[in-house]
Amino acid sequence: MLAPQTAPQPLKLGAGPLVRTAGKAADAILGSRGCLFTFHRVASSAAWETLPNREFYIDLTFLDQLLSYLARTGWHVVTIEEALERAARGRAGDRYVNFSVDDCYRDTFEEIVPLFRRHNVPVTLFVTTGIPDGTMPMWCAGLEDTLLARDHVVVDGATIEVATSEAKRAAYAKIAAAWDGPDAPAHYDRFCRDNGIDAAAVHRKHAMSWEMLDAVCKDPIVEIGSHTVSHARISSLPPQDAFAELHGSRERLRRRLGVAARHFAFPYGRSGDCSQRDFDLAQQAGYASAATTRKGVVRTGQDAFRLPRNTLNGAHRNLTMIELHLTGATGAAARVLGRV
Ligand SMILES: [Zn+2]
């Protein structure tokens with residue numbers, strides 16, 4: 001998704017009573033309702049303004065206010081494990097939310113887990129094990145840092161000017177779209193050489209380490225899940241490589257943290273990124289569930305291997321969109337528009 005070109009709206013809490021009423025009416029017929037949210041990173045409002053890849057971050061203050069709002073309005077924040085139990089029970093009127101953080105950047109340790117701890121509610125960390133292992137090039141972070149710090153960067157042999165925030169955002173969107181895929185590490189390698197970037201230092205600055213994971217994984221509010229070894233698009237891999245990503249990350253978490261990860265989230269997670277073969281492989285790799293990024297809500301009888309999740313990004317700074325996710329309206333709209 002391209003970065004929004006307009007300034008963010010002021011934080012607003014308090015959303016449409018009509019939307020809430022519609023959701024409750026559906027619950028009377030359909031029983032329990034669960035809404036799974038996912039995001040990657042958080043930023044302060046001030047930092048968010050200047051970030052070249054700001055869609056990737058949600059506003060930390062907004063997340064704080066959202067957790068308070070959910071507590072006030074009777075939503076239970078739960079782990080994926082408990083979400084599945086509640087979906088199986090299907091008790092009428094039961095409403096629950098899960099938040100999962102994908103990949104696991106350093107701010108997961110420094111900002112996100114402490115925020116959920118303050119609210120005393122669970123958070124799920126879907127760890128890409130190549131991040132703490134240092135084997136997954138963090139090209140998104142390296143590209144963003146470089147654009148933020150420089151007025152000119154060299155990309156594929158050409159120098160481009162990125163003096164303004166708008167130019168930095170436009171450059172990020174264009175370069176990331178060109179790099180995305182299996183060749184991204186090679187593009188990033190060259191970019192680091194051409195621009196004098198220390199990729200190892202970028203990694204240390206942005207990665208969540210095994211020591212950080214050690215420190216949080218025994219906290220009862222933290223649920224550890226897996227998000228592959230290398231953040232590969234699973235559907236693009238032959239079966240044995242796809243299985244190695246699924247099983248290998250689970251094994252790595254077990255060996256390094258002593259955690260039996262029961263839940264998996266597909267990188268990217270839309271319909272082209274994971275399909276029935278991959279849902280079956282997730283089951284064979286020993287998981288109890290697999291999550292996508294297809295929008296929607298969890299109802300009684302939900303297939304545990306194609307869990308819908310609603311992505312929160314930089315554009316989410318007021319509750320109206322959140323309410324639409326909570327009722328399932330965004331999922332319904334996405335299905336009508338074929339955006340799944
Ligand atoms: Zn991811």
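Tabulated results
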{"quantity": "Only Lys, Arg (+1) and Asp, Glu (-1) charged, at Cβ; segment 165-322 dipole about Cα centre in debye", "calculated": "380"}
{"quantity": "Dipole axis of the chain (+1 Lys, Arg; -1 Asp, Glu on Cβ), positive-most option in 113, 212, 257", "calculated": "113"}
{"quantity": "Residues whose placed amide H lies under 5 Å from that of residue 38, excluding near-sequence neighbours", "calculated": "100, 310, 311, 312"}
{"quantity": "Total charge dipole magnitude, segment 32-177, about the Cα centre, Cβ charges on Lys, Arg, Asp, Glu only, Debye to nearest 20", "calculated": "660"}
{"quantity": "Rounded to 5, the percent of DSSP beta bridges in the chain classed as antiparallel", "calculated": "15"}
{"quantity": "Test item: Cα-centred dipole of the chain, Lys/Arg +1 and Asp/Glu -1 on Cβ, debye", "calculated": "1180"}
{"quantity": "Count, lysine Cα pairs under 25 Å in the chain, 8 or more residues apart or across chains", "calculated": "6"}
{"quantity": "Spacing of the two label points (7 Å from each Cα toward its C-beta) at residue 166 and residue 280, in nm", "calculated": "5.2"}
{"quantity": "Stretch in the chain that is longest and holds no trypsin sites (Lys or Arg not before Pro) that DSSP places in a loop and that have at most 13 other beta carbons within 10 Å", "calculated": "92-217"}
{"quantity": "Residue-span extension gain [residue 120 to residue 72] - 0.36 nm each, minus C-alpha spacing", "calculated": "15.9 nm"}
{"quantity": "Tensor-based shape of segment 103-158 (alpha-carbon gyration tensor, a/c under 1.5 rounded, otherwise prolate or oblate)", "calculated": "oblate"}
{"quantity": "Helical mean residue ellipticity (222 nm; -39500 (n - 2.57) per DSSP H run of 4+; nearest 500) of the chain", "calculated": "-13500 deg cm²/dmol"}
{"quantity": "Residue 78 long-range amide H proximity, modeled H, under 5 Å", "calculated": "97, 98, 99"}
{"quantity": "Label zone at residue 190 (point 7 Å along Cα-to-Cβ), backbone N below 17 Å, segment 130-154", "calculated": "139-140, 143, 153-154"}
{"quantity": "Relative counts (whole %) of C-alpha pair distances in the chain, using bins that are 20 Å wide", "calculated": "31, 60, 10, 0"}
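Rule-based calculations on the coordinates, nothing more; no lab input. Remember, it's a predicted structure, so these values are computed and weren't measured experimentally. For neighbour counting, all protein chains shown are included, and Cβ atoms are generated from backbone atoms with ideal geometry for every residue, glycine included.
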